[in-house]
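To start, the structure itself, in structure tokens.
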Amino acid sequence: FDGLGKKAEAVVAAQQCKGFLADVPDLASELGIFCYNCGVKEHRSKQFQGCVQWLNLSVDSFDRLQNQQNVCRSLRLLSACYLDLNEFEQAKKVCLLAQEVDPCAK
């Protein structure tokens, strides 16, 4: 992303797309993956607040029953991001949610 203005525009566009998922549910996983990839880029750049925003969009975009692995992957990176932000309670909550969603955790 180039500059904060473009990042903000991209987040708004992704949020708008999320609003359309009820009409085109087949695109939910593509939006979730796109948001996850944006979160990874933000995390690598140490832009942790942006990473949190993208990863929350990613988790919200996926159908949790059909995309358990992708949801868990997003949640795990989100937890790591919260650790980077020293938000330990949030990190713990997200880890516990990932553990609930992960079919192999039981």
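The values are calculated or read from the model by the stated rules, or taken from the named source; none is laboratory data. These figures come from a predicted structure and were not determined experimentally. Reconstructed Cβ throughout: ideal geometry from the backbone, glycine too, with neighbour counts over all protein chains shown. Surface accessibility is based on the protein's heavy atoms, side chains included, excluding ligands, DNA and RNA. Shrake-Rupley method; radii C 1.70, N 1.55, O 1.52, S 1.80 Å.
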Inset, instruction - Would you mind working out the accessible area per residue for the chain, using a 1.4 Å probe, and quoting it in Å²? - result: 62 Å²
Inset, instruction - Divide by every residue of the chain the summed helix terms, -39500 (n - 2.57) for each DSSP H run of at least 4, and state the resulting mean residue ellipticity at 222 nm, rounded to the nearest 500 deg cm²/dmol. - result: -24500 deg cm²/dmol
Inset, instruction - Report, ordered by chain and residue number, the lysines lying within cross-link reach of Lys7, taken as a straight Cα distance under 19 Å and ignoring same-chain residues fewer than 8 apart. - result: Lys18, Lys41, Lys46
Legend entry - Accessible surface of the chain, 1.4 Å probe, proportion on carbon and sulfur as whole %: 53 percent
Legend entry - Value in Å of the Kirkwood radius, where the chain supplies the Cα pairs that are averaged: 13.9 Å
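Taking a ≥ b ≥ c as the square roots of the eigenvalues of the Cα gyration tensor of the range 38-94, is the shape rounded (a/c under 1.5), prolate (a/b larger than b/c) or oblate?
oblate
Using r as the Cβ-Cβ distance of Ser29 and Phe88, and R0 as 30 Å, what FRET efficiency do you calculate, to the nearest 0.05? Intermediate results must be reported in sequence, preceding the final value.
Values: r = 31 Å, r/R0 = 1.02.
Plugging the Cβ-Cβ distance into 1/(1 + (r/R0)^6) gives 0.45.
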Legend entry - Formal net charge of residues neighbouring Ala14 (Cβ-Cβ distance under 15 Å; K, R +1; D, E -1): 0
